[in-house]
1. For B:Glu132, state whether it is modelled with pLDDT of 70 or more, within 19 Å of the chain's Cα centre (by Cα) and within 12 Å of chain A (Cβ to nearest Cβ).
2. Do you know which residues across region A:361-376 are farther than 11 Å from A:Phe250 by Cβ and either more than 10 Å from chain B (Cβ to nearest Cβ) or not in a helix (DSSP H, G or I) (or both)?
3. It is to be established whether one or more residues within region B:20-28 are surrounded by 14 or more Cβ atoms within 10 Å (Cβ to Cβ), more than 21 Å from B:Ala148 (Cα to Cα), more than 11 Å from chain A (Cβ to nearest Cβ) and of a type in the set (Gly, Ala, Ser).
4. Got a number for residues in region A:146-177 being in contact with a Ser or Thr (Cβ under 8 Å, 6 or more places away or on another chain) and either assigned to a helix (DSSP H, G or I) or closer than 30 Å to A:Arg269 by Cβ (or both)?
5. More than 9 Å from every other protein chain (Cβ to nearest Cβ), part of a loop (DSSP other than H, G, I, E, B) and either out of contact with any Pro (no Cβ under 8 Å at 6 or more places or on another chain) or among the β-branched types (Val, Ile, Thr) (or both) - does that describe any residue in region B:36-43?
6. Please list, ordered by first then second residue, the pairs with beta carbon atoms under 7 Å, 6 or more apart or interchain, first in region A:222-241 and touching a residue at least 24 places away in the same chain (Cβ under 8 Å) and within 11 Å of chain B (Cβ to nearest Cβ), second part of a helix (DSSP H, G or I) and among the hydrophobic types (A, V, I, L, M, F, W, C).
7. Quick check: is even one residue across region A:337-353 surrounded by fewer than 20 Cβ atoms within 10 Å (Cβ to Cβ), under 23 Å from the mean Cα position of the chain (by Cα) and not assigned by TED's automatic domain parsing to the domain that holds A:Phe136?
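The values are calculated or read from the model by the stated rules, or taken from the named source; none is laboratory data. On a predicted model such as this, the values are computed, not experimentally measured, just so you know. When we count neighbours, we look across all protein chains shown, and the Cβ atoms used for this are built from the backbone with ideal geometry, even at glycine.
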Amino acid sequence: MIAELGQYALILGLVMATFLAIIPMYGASTGNVFWMSFAKPLAKSLFLFLLISMLCLVYAFATDDFSVEYVAGNSNSALPIYFKLSAVWGGHEGSLLLWVFILTCWIFAVAVKSDGLPLDISARVLSVLGMVAVGFASFTLITSSPFERLLINTPVEGADLNPLLQDIGLIIHPPLLYMGYVGFSVAFAFAIAALLSGKLDVAWSRWTRPWTNVSWAFLTIGITLGSWWAYYELGWGGWWFWDPVENASFMPWLAGTALVHSLAVTEKRGLFKSWTLLLAIFTFSLSLLGTFLVRSGVLTSVHSFAADPERGLYILVLLAITVGGSMLLYAIRAYDMKSESDFELCSRETLLLINNLVLVTICAMILIGTLYPLLIDAMGAGKISVGPPYFNALFVPFSLILCFFMAIGVSLRWKKSSVSALVKQLLPSLIISVILGVVAAYLYNEQMTLKATIALVLSFWVLISLGLDVYSKVKNSSVKILAVKKMPISYWSMQLAHLGVVVSLVGVALVATYSQERDIRMQVGDSIEMEGYRFEFKGVEKRQGPNYTSDTGTLVVYKGDNFFAKMHPEKRFYPARGTVMTEADIDAGAFLDIFVALGEPLADGAWAVRLQYKPFIRWIWLGGLMMMFAGLLSAFDKRYKRRDKQRSTSTPVASLA
Amino acid sequence: MTPKRKKRLMLVLFVVFGGVAAVSLVIFALNQNISLFYSPTQIASGEAPANTRIRAGGMVVEGSVKRSPDSLKVEFALTDFAQNVTVVYEGILPDLFREGQGIVAQGALDDQGVFNAVEVLAKHDEKYMPPEVTDALNKAGVDEKGNALKTESTQGAY
């Protein structure tokens with residue numbers, strides 16, 4: 001009964017979305033206020049129906065209703081309740097419903113928050129979002145409804161959630177990632193609304209920026225969590241594989257990062273307007289492409305689910321309509337978007353342009369690497385794969401270039417800076433950062449490598465520039481603390497985000513250069529030395545978990561002669577699915593992780609053991625966390641709150657952020 | 001040239017040079033790092049080049065997995081039910097590696113036709129078949145249990 005209710009609610013949601021897609025849009029194009037005023041109530045009811053639908057599925061999981069096919073395939077009565085609830089998005093159907101649900105959450109948020117917007121803009125924005133909702137709600141209903149019943153041969157017990165997904169990482173990673181993916185639909189809707197109305201003023205950018213920054217923050221933390229989860233859960237200690245599905249989330253992130261910066265220029269200076277719109281369209285299209293890559297199963301990936309070609313085709317058609325339609329609209333209308341001012345070569349605008357070019361280039365390279373195998377396969381020229389070396393070879397130099405320019409960008413002023421003053425300011429800090437970087441690299445490890453040294457030099461270079469920028473803002477005021485307090489939130493969030501990049505850069509550079517990995521055979525009593533740590537294998541014993549049995553190993557780790565840690569990596573067997581899983585044990589530290597995992601049992605009681613030494617790996621995720629906070633923080637800037645009073649008056653709020 | 005045009009020229013040059021550099025890097029890196037997939041039949045017929053990084057895939061033959069007693073060396077056979085190829089790997093196999101399972105390995109063939117794997121690909125989901133393996137099996141005209149396919153599509157496919 002409840003499952004049917006969920007299905008009906010989803011159908012009603014689709015009906016609401018269809019109305020939302022048509023009525024306010026028609027109203028906005030004919031200037032009919034009555035039709036336009038339908039947008040908000042329709043948006044809210046769309047959210048309500050999807051909420052009901054989602055709750056019905058949650059209820060089916062919580063009560064172990066195995067007559068629902070999707071519940072039977074992804075849950076089990078022995079699962080702890082929190083995994084039962086997260087199993088809602090553990091498979092294809094449920095994660096699609098989650099996708100649509102999160103979309104309606106964004107729609108609801110826009111509807112509630114858009115009181116200050118002109119009616120025609122808010123009607124158009126909500127209407128475009130309604131169209132996206134129609135696409136995905138119908139996709140869920142037609143190809144992958146999670147409410148299908150198994151009325152004949154109802155199973156007594158569920159097939160269990162994939163053990164890899166029985167983890168805190170899965171509880172939070174997909175919703176956050178989807179918040180980011182789907183959140184870019186808001187920026188997309190604003191872009192389409194601007195193209196339709198032909199109006200793109202400061203008010204528009206002020207409206208779009210917080211939404212974009214918040215979705216960017218969610219995508220950042222989603223990717224960060226995914227990387228962290230892969231590291232501790234997949235059992236091989238990697239944190240980024242250049243897997244197609246990782247790329248699928250990374251590409252919208254890159255385009256979204258470019259968008260965040262380009263929007264800053266559009267707001268502050270009224271420049272790059274058509275470019276900003278294009279980026280908004282690209283970012284959302286890449287989010288859709290990501291959904292397609294994950295959901296269609298066309299690529300060999302660790303995320304691939306048993307696939308159904310019909311589903312892939314449906315998303316491909318959605319993607320084609322979105323990209324084709326919005327690009328057509330863009331081609332017709334973008335010409336009207338005139339820049340309001342001009343800038344000199346030596347200015348923050350130029351540097352932000354470089355930032356955008358580099359980010360888009362990286363994004364394009366990843367796109368080529370990800371889609372090239374598909375293209376070759378489609379042409380019948382064989383099945384190829386593009387490996388991590390391709391991505392590393394391209395990503396590493398370009399991201400270093402990006403960091404190099406980042407330091408210059410934050411030190412420059414809008415419109416025009418003096419070249420000689422810039423050189424005078426940057427040259428000493430460049431020299432200092434080279435010295436500090438080289439010394440730090442040497443102190444860390446006497447066998448210096450070029451890449452790690454360059455990365456450290458660039459980290460100091462950005463760090464010094466960030467610090468000098470703060471200093472230059474306060475040096476002329478008599479009460480420095482007061483000057484610091486007066487700076488807008490958006491300035492501090494910019495600083496924090498850039499600091500996050502530095503922290504991640506240090507982490508990536510050091511862990512990529514100095515980690516050590518050993519896969520070896522160990523007998524009870526064997527010990528092995530690695531990077532000054534001695535690992536002694538004490539053997540393996542059987543243990544019983546709630547829904548699994550495990551072989552739990554014990555290793556004692558000594559640092560030099562002193563006891564360092566006792567570690568218990570596990571090999572778990574989940575009888576419901578008959579799957580085996582590696583549960584690594586990690587001794588996490590701010591500067592060093594020791595990672596131990598069991599391989600397989602070998603003859604004579606020996607085990608294959610995986611030992612890893614991972615310096616600074618936490619920094620990668622710490623940087624991501626900082627970037628997320630920065631993105632969320634920026635949405636609280638005062639000027640986004642006052643916007644309804646000073647709509648379309650272009651007050652340049654200082655030249656700070 | 002007016003200063004404005006000069007500026008524009010600088011920007012255009014920057015974009016052009018950047019673009020050329022990026023594209024050549026992409027082509028270079030792609031050529032270095034792609035690896036082609038070969039089925040056991042293709043390897044047996046000598047289609048696959050030796051000592052080049054390639055991928056091979058098929059079903060792991062039941063009873064073929066042999067472990068060395070004193071190291072992590074493991075040897076197994078991959079099949080598309082028409083031909084077999086011997087794979088040698090040193091290291092820890094993924095959790096979902098099992099006899100009778102479809103897998104893809106990355107590595108190189110040596111001159112004796114033995115495949116030295118540097119990586120055996122792991123999957124999230126035990127129901128999942130790598131698309132390459134499905135394709136190789138289809139070409140050999142069998143399903144994943146080795147039973148002959150009934151459809152006619154195998155004839156027309158190539």
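1. yes
2. Across region A:361-376, the qualifying residues are A:Leu371, A:Leu374, A:Leu375.
3. Looking only at region B:20-28, we keep the residues that are surrounded by 14 or more Cβ atoms within 10 Å (Cβ to Cβ), and these are B:22-23, B:25-26.
Those still in the list that are more than 21 Å from B:Ala148 (Cα to Cα) too: B:22-23, B:25-26.
After this cut, where a residue has to be more than 11 Å from chain A (Cβ to nearest Cβ) as well, the list is none.
No: zero hits.
4. Final tally of qualifying residues: 6.
5. yes
6. These pairs meet every condition: A:Glu233/A:Leu164.
7. No; the residues of region A:337-353 include none that is surrounded by fewer than 20 Cβ atoms within 10 Å (Cβ to Cβ), under 23 Å from the mean Cα position of the chain (by Cα) and not assigned by TED's automatic domain parsing to the domain that holds A:Phe136.
Yes/no per residue for (1) in contact with a His (Cβ under 9 Å, 6 or more places away or on another chain); (2) more than 14 Å from chain B (Cβ to nearest Cβ); (3) surrounded by fewer than 24 Cβ atoms within 10 Å (Cβ to Cβ):
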| position | (1), (2), (3) |
| --- | --- |
| A:Pro118 | no, yes, yes |
| A:Ala133 | no, yes, no |
| A:Asp160 | no, no, no |
| A:Gly169 | no, no, yes |
| A:Leu176 | no, yes, yes |
